[in-house]
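Trainee: Encoded as structure tokens, here's the structure I'll be asking about.
The values are calculated or read from the model by the stated rules, or taken from the named source; none is laboratory data. A quick note: this is a predicted structure, and the numbers were derived from the prediction, not measured. In this analysis, Cβ positions are derived from the backbone assuming ideal geometry, glycine residues included, and neighbour counts consider all displayed protein chains.
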Amino acid sequence: MDQLTALLAQAIRNNQAPFVVGAVANSSGLVWTGSAGEEQVGRLLDGNTVFRIVSMSKAVGVTAAAILADRGKLNWETPVEDILPEFGKLGVLVDPSVPKLRPPKTKATLRHLATHTSGLVYGFWDKNIADYLQATGLPPVVSGLKASLACPLAFDPGDRWQYGPGVDWLGLVIEALDGRSIDLFCSQEIFEPLGMNDTSFELTSKLVDRLVPAFGRSSEGSFTGAPINVDPPPHPEFYGMGHALYSTANDYMRFLRMWLNRGQLEGVRMLSENTVGSFLENHIGPLRLQKLHTALPIAVEDLVMLPNYSKSHSLGFARMEENIPGMRSKGSQFWGGVLNTHFWFDPERDLAAVLMTQLLPFLDPEFMVLLTDFEQAVYRIQTSGT
């Protein structure tokens, strides 16, 4: 495993990241953790360093919904508006400059929310929605303001996959069905049972000293302060399960190991094996993840990950539909957060990994080279048994 530690150190020398924390695990436990770039942040980095995990929150939110489904309290085919009538008021955007909306041709279901096929999309990868937000003054969903939920659909539910805030609405569904607030539900049903003691919706006093700063890149490629504020809003009007969490590499590994163990960790069962098996299947049929063009380049690059390989979506993760030689297997699940916190888990190879920094833009090209090098090294080591 010294190879992985050396790889991270070289990445810092190559200016691929301001700092980085990585971890590798299997169903039995944590196999390796490593870090580099302590001099950039002026503090110790390890598996307990606190990160804004942003969109890595989504998998937690959909897991919360799966818990209710496992108990017979949630049906993925239920129209969203049957539980949240206000969702039924959302139209499909026709002209962002007027703005002009039309009624959707189909009703979005809870499955659509979980799989990014509902028509809800992020403006930073959709110019029409970005223009609508600017024309109307509607706040973005990451603001934590309930007014942001009035953003229209970009297409009819089920027509295509496009990344967006559907899991934020799914969190509200969980609250309506269960009666607990989503933060309390996640704490009682996920964080506490899994021993994720450093995962939180709020930056508590025990976390603040371990939180690392966020960076951007200057035009020359050096690291600067983050060009936009990416902190989750404290005590928001609603906690968006698409972006609201702080966590650590060690904590998130416990979450991923629960999935590798088909719904349980260290004697604590969270989901039935049947639910896990179904959850991790392709839930978008013939649709596939396609390239999305950035509308906010200071925050995100074009959304294109593993472009030469077919990718679908399970209920909670992007899903590989074919093997990548020397890397992840078909059926592997993955995603990341906007500050370049990335993860994948490979049930076939019994392997999970995270690689985390705090750097904009998302999918920074230099960091993505590091992520590929890291993944290939992980699989080489596993194959060789060293």
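Trainee: Of all residues in region 302-323, count the ones that are of a type in the set (Lys, Arg) and surrounded by fewer than 22 Cβ atoms within 10 Å (Cβ to Cβ).
Mentor: The number of residues fulfilling the criteria is 1.
Trainee: Pairs under 8 Å by beta carbon, first residue closer than 18 Å to Lys100 by Cα in region 132-151, partner basic (Lys, Arg) and modelled with pLDDT of 95 or more, six or more apart or different chains?
Mentor: Listed pairs, sorted by first residue: Ala150/Lys89.
Trainee: Across region 73-111, what is the total count of residues that are under 15 Å from Trp169 (Cβ atoms) and either among the hydrophobic types (A, V, I, L, M, F, W, C) or modelled with pLDDT under 95 (or both)? Even if it seems obvious, please write down each step before you answer.
Mentor: Narrowing region 73-111 to residues under 15 Å from Trp169 (Cβ atoms): 74, 76, 78-90, 104, 107-111.
With either among the hydrophobic types (A, V, I, L, M, F, W, C) or modelled with pLDDT under 95 (or both) added as a condition, the list becomes 74, 76, 80, 83-84, 87, 90, 108, 110.
Final tally of qualifying residues: 9.
Trainee: Residue by residue through region 136-160, note down the ones that are in a loop (DSSP other than H, G, I, E, B), touching an Asp or Glu at 6+ places or on another chain (Cβ under 9 Å) and farther than 18 Å from Lys107 by Cβ.
Mentor: Gly144, Leu145
Trainee: Might you let me know whether region 331-344 holds any residue that is β-branched (Val, Ile, Thr), in a loop (DSSP other than H, G, I, E, B) and in contact with a Ser or Thr (Cβ under 7 Å, 6 or more places away or on another chain)?
Mentor: Taking every residue of region 331-344 in turn, at least one turns out to be β-branched (Val, Ile, Thr), in a loop (DSSP other than H, G, I, E, B) and in contact with a Ser or Thr (Cβ under 7 Å, 6 or more places away or on another chain).
Trainee: Surrounded by fewer than 21 Cβ atoms within 10 Å (Cβ to Cβ), more than 24 Å from Glu81 (Cα to Cα), charged (D, E, K, R) and modelled with pLDDT under 95: does that describe Glu220? Give the steps one after another, and end with the answer.
Mentor: Values: surrounded by fewer than 21 Cβ atoms within 10 Å (Cβ to Cβ): yes; more than 24 Å from Glu81 (Cα to Cα): yes; charged (D, E, K, R): yes; modelled with pLDDT under 95: yes.
So Glu220 fits the description; yes.
Trainee: Additional query: Pairs, please: C-beta under 9 Å, at least 6 apart or cross-chain, first residue surrounded by fewer than 24 Cβ atoms within 10 Å (Cβ to Cβ) and in region 4-21, second among the aromatic types (Phe, Trp, Tyr) and in a loop (DSSP other than H, G, I, E, B)?
Mentor: From region 4-21, the pairs are Ile12/Phe19.
Trainee: With the structure loaded, tell me whether Leu256 is among the hydrophobic types (A, V, I, L, M, F, W, C), in contact (Cβ under 8 Å) with a residue 24 or more places away in the chain and part of a loop (DSSP other than H, G, I, E, B) or whether it fails that test. Spell out how you get there, then give the answer.
Mentor: Numbers: among the hydrophobic types (A, V, I, L, M, F, W, C): yes; in contact (Cβ under 8 Å) with a residue 24 or more places away in the chain: yes; part of a loop (DSSP other than H, G, I, E, B): no.
So Leu256 does not fit the description; no.
Trainee: Is there a residue in region 191-214 that is in contact with a Gly (Cβ under 8 Å, 6 or more places away or on another chain) and surrounded by fewer than 16 Cβ atoms within 10 Å (Cβ to Cβ)? Even if it seems obvious, please write down each step before you answer.
Mentor: Within region 191-214, the first condition is being in contact with a Gly (Cβ under 8 Å, 6 or more places away or on another chain), and the residues that meet it are 213-214.
From what is left, the residues that are surrounded by fewer than 16 Cβ atoms within 10 Å (Cβ to Cβ) are 213.
Yes, region 191-214 contains a residue that is in contact with a Gly (Cβ under 8 Å, 6 or more places away or on another chain) and surrounded by fewer than 16 Cβ atoms within 10 Å (Cβ to Cβ).
Trainee: What pairs can you find where one residue is in region 206-235 and free of Cβ contacts under 8 Å to residues at least 12 places away in the same chain, the other is part of a loop (DSSP other than H, G, I, E, B) and surrounded by fewer than 17 Cβ atoms within 10 Å (Cβ to Cβ), and their Cβ atoms are less than 7 Å apart, with a gap of 6+ or different chains?
Mentor: Thr224/Ser218
Trainee: I need a count of the residues in region 274-298 that are surrounded by 14 or more Cβ atoms within 10 Å (Cβ to Cβ), part of a loop (DSSP other than H, G, I, E, B) and not small (Gly, Ala, Ser).
Mentor: Step one: of region 274-298, the residues surrounded by 14 or more Cβ atoms within 10 Å (Cβ to Cβ) are 275-276, 278-280, 282-284, 287-289, 292, 294-296.
From the residues that got through so far, the ones that are part of a loop (DSSP other than H, G, I, E, B) too are 280, 282-284, 287-289, 294-296.
Still in the list and also not small (Gly, Ala, Ser): 280, 282-284, 287-289, 294, 296.
The qualifying residues number 9.
Trainee: Could you tell me whether any residue of region 299-308 is β-branched (Val, Ile, Thr), assigned to a strand (DSSP E or B), under 25 Å from Arg262 (Cα atoms) and in contact (Cβ under 8 Å) with a residue 24 or more places away in the chain? Step through it out loud before you land on a result.
Mentor: Of the residues in region 299-308, the ones β-branched (Val, Ile, Thr) are 300, 304.
When the remaining residues are screened for being assigned to a strand (DSSP E or B), the result is 300.
Checking the rest, the ones that are also under 25 Å from Arg262 (Cα atoms) come to none.
No, region 299-308 contains no residue that is β-branched (Val, Ile, Thr), assigned to a strand (DSSP E or B), under 25 Å from Arg262 (Cα atoms) and in contact (Cβ under 8 Å) with a residue 24 or more places away in the chain.
Trainee: Now for a separate question. Scan Gln382, Gln376, Gln290 and give me the residue that is within 22 Å of Met258 (Cβ to Cβ) and either among the charged types (D, E, K, R) or touching a residue at least 12 places away in the same chain (Cβ under 8 Å) (or both).
Mentor: Gln382
Trainee: Looking at this structure, is Gly326 touching a residue at least 24 places away in the same chain (Cβ under 8 Å), at positive phi and surrounded by fewer than 20 Cβ atoms within 10 Å (Cβ to Cβ)?
Mentor: Details: touching a residue at least 24 places away in the same chain (Cβ under 8 Å): yes; at positive phi: yes; surrounded by fewer than 20 Cβ atoms within 10 Å (Cβ to Cβ): yes.
Against the criterion (touching a residue at least 24 places away in the same chain (Cβ under 8 Å), at positive phi and surrounded by fewer than 20 Cβ atoms within 10 Å (Cβ to Cβ)), Gly326 qualifies.
Trainee: On to the next question. Which one of the conditions (1) touching a helix residue (DSSP H, G or I) at 6+ places or on another chain (Cβ under 6 Å); (2) in a loop (DSSP other than H, G, I, E, B) does Leu370 fail to meet, given that it meets all the rest?
Mentor: Unmet for Leu370, out of (1) touching a helix residue (DSSP H, G or I) at 6+ places or on another chain (Cβ under 6 Å); (2) in a loop (DSSP other than H, G, I, E, B): (2).
Trainee: Determine, yes or no, whether Arg262 is in a loop (DSSP other than H, G, I, E, B) and buried (at least 17 other Cβ atoms within 10 Å of the Cβ).
Mentor: Working: in a loop (DSSP other than H, G, I, E, B): yes; buried (at least 17 other Cβ atoms within 10 Å of the Cβ): yes.
Yes.
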